[in-house]
Amino acid sequence: MKFKKITVKCTSNTAETIAYALHEAGSMGEVFDDYNDVKQVLDEKRWDYADASLFDVSDGCAVGGFFTIETDENTVLHKLDELRKNDFADFSSMETSIETIDSEEWENEWKKYYKPFNIGKIVVVPEWLDYNAVGGDIPIKLNPGLAFGTGMHETTSMCIDLMQRIELKDKRVLDFGCGSGILGVCATALGAGSVLFADTDEQAVTATYYNCKINGIKDPEVFLRDVRELTEPADVVIANITADVLTAVEPIVRSALKKGGYAIVSGIISDKTELVKQAYARDFTLKEHIQKNEWSAFLFES
């Protein structure tokens, strides 16, 4: 099966926003190639072994988006050109290239860059790597497959951060738009009594079942359907989607929660932060707001 890969050469400061634009234009997954990220890891000595090639300095960074072969690339290019009108960052250095690749190449490309990393006491570990936990670390094995959610993106890592700021022991958790299932798997590892994984994408459901299996979660509750069909409310709802969707589904999130429960919402680009905050302020009390680069996440109490 063939896919289109649209790669944008850019700067570290604009990479996240460009990735978001690619996602909004229909990208089914994004990969980053940024030497500054590698340099930070090397400088902080957060590695046991590093291939010699990692010490080769490269200029700038690039973001690649993967699209179906039928995608009209002019539509994507127009979306990228719209970024040049923004004044919060300099997008003038963007250079775009387009190529056709096989699905296997796409599915394996990101593995080159994916290594174990900590988010609080959670350690996200690629399934194909061995890892020995130290101290109080809680390792989570993951193979995202074709579903969104490796933990490396700020929107996902902030959800995992916020989960560790509330009591999850014996709670019922809803992973709303579960993607790879990483958030629900983390909730289980943090002591949740039960986790319901819900998504409307078949690839997400397949990835979630697989990641539950490799983490020893037997008979997980995974649903390929609308959350509004669920009848049992949760103590905690976690939704890492996009700002516009989060705003639209606020009534659904509210109805899916028990009184006094928590909603963790993420996937919010900076210029949509107030939009989401105001939408949830009607029915929720804001407890935490954290931000990484151009992304925000909220912890609300119902």
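Per-structure values
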item	result
Among (1) touching a helix residue (DSSP H, G or I) at 6+ places or on another chain (Cβ under 7 Å); (2) small (Gly, Ala, Ser); (3) on the phi > 0 side of the Ramachandran plot - the single one Ser266 does not satisfy	(3)
Among (1) assigned to a strand (DSSP E or B); (2) of a type outside the set (Gly, Ala, Ser); (3) under 14 Å from the mean Cα position of the chain (by Cα) - the single one Cys186 does not satisfy	(1)
Residue in the range 284-294 that is assigned to a helix (DSSP H, G or I) and in contact with a Phe, Trp or Tyr (Cβ under 9 Å, 6 or more places away or on another chain) present	no
Scan of the range 244-264 for residues that are within 20 Å of the chain's Cα centre (by Cα) and either farther than 19 Å from Asp201 by Cβ or not assigned by TED's automatic domain parsing to the domain that holds Lys277 (or both), ordered by number	Thr247, Glu250, Tyr262, Ala263, Ile264
Which numbered condition Ala248 misses (of (1) small (Gly, Ala, Ser); (2) modelled with pLDDT under 95; (3) surrounded by 17 or more Cβ atoms within 10 Å (Cβ to Cβ))	(3)
Single residue of the range 198-243 satisfying the filter (aliphatic (A, V, I, L, M) and surrounded by fewer than 18 Cβ atoms within 10 Å (Cβ to Cβ)) that is farthest from Leu142 (Cα to Cα)	Leu224
Residue tally, condition at pLDDT below 90 and part of a strand (DSSP E or B), over the range 196-245	2
Identity of the residue in the range 269-279, modelled with pLDDT of 95 or more and within 12 Å of Val245 (Cα to Cα), that ends up surrounded by the fewest Cβ atoms within 10 Å (Cβ to Cβ)	Leu275
Enumeration of residues in the range 178-197 that are over 17 Å from Ile122 (Cα atoms) and surrounded by fewer than 24 Cβ atoms within 10 Å (Cβ to Cβ)	Gly193, Ser194, Leu196
Tally, over the range 209-245, of residues that are closer than 30 Å to Glu16 by Cα, out of contact with any Phe, Trp or Tyr (no Cβ under 6 Å at 6 or more places or on another chain) and small (Gly, Ala, Ser)	1
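The values are calculated or read from the model by the stated rules, or taken from the named source; none is laboratory data. Fair warning: this is a prediction, and the values are worked out from it, not measured in the lab. Note that each Cβ is placed from the backbone with ideal geometry, even for glycine, and that neighbours are counted across all protein chains shown.
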